[in-house]
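Take a look at the structure set out below.
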Amino acid sequence: MLFSNPKAPSKSNGNCKNKMNKSISDKKIDFSDIPETTGLFWAAAKVREPVGKTAISIRIDDDVLEFFRKQGKGYQSKINAVLRSYKKHA
């Protein structure tokens, strides 16, 4: 199956705990390995607009799709990166 059904019942038994959902006070976060930002940092910073993405349907040879899927999560982003590289060098 290529697409999941958002109306289908969850396969989770409800015992999953999302650790990222718990709130932690700022006092408990260790920032010691993160340097403070200075005016120099912000002077060199550049605002970048996010690139939009469009959902499409595309026909890809089975072996090509299998190659990317075997690489695991993020395979669609990898396909996009390959196409972007081709565009840059074309």
> residue 79 passes all but one of (1) surrounded by 10 or more Cβ atoms within 10 Å (Cβ to Cβ); (2) in a loop (DSSP other than H, G, I, E, B); (3) within 15 Å of the chain's Cα centre (by Cα); which number fails?
Replying inline: (2)
>> surrounded by fewer than 10 Cβ atoms within 10 Å (Cβ to Cβ), aromatic (Phe, Trp, Tyr) and at pLDDT below 85: is that true of residue 3 in this structure?
In response: yes
> part of a helix (DSSP H, G or I) and β-branched (Val, Ile, Thr), is that true of residue 51?
Replying inline: no
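The values are calculated or read from the model by the stated rules, or taken from the named source; none is laboratory data. What you see is a predicted model; the values in this text were computed from it and never measured. Cβ atoms come from the backbone with ideal geometry, glycine included; neighbour counts cover every protein chain shown.
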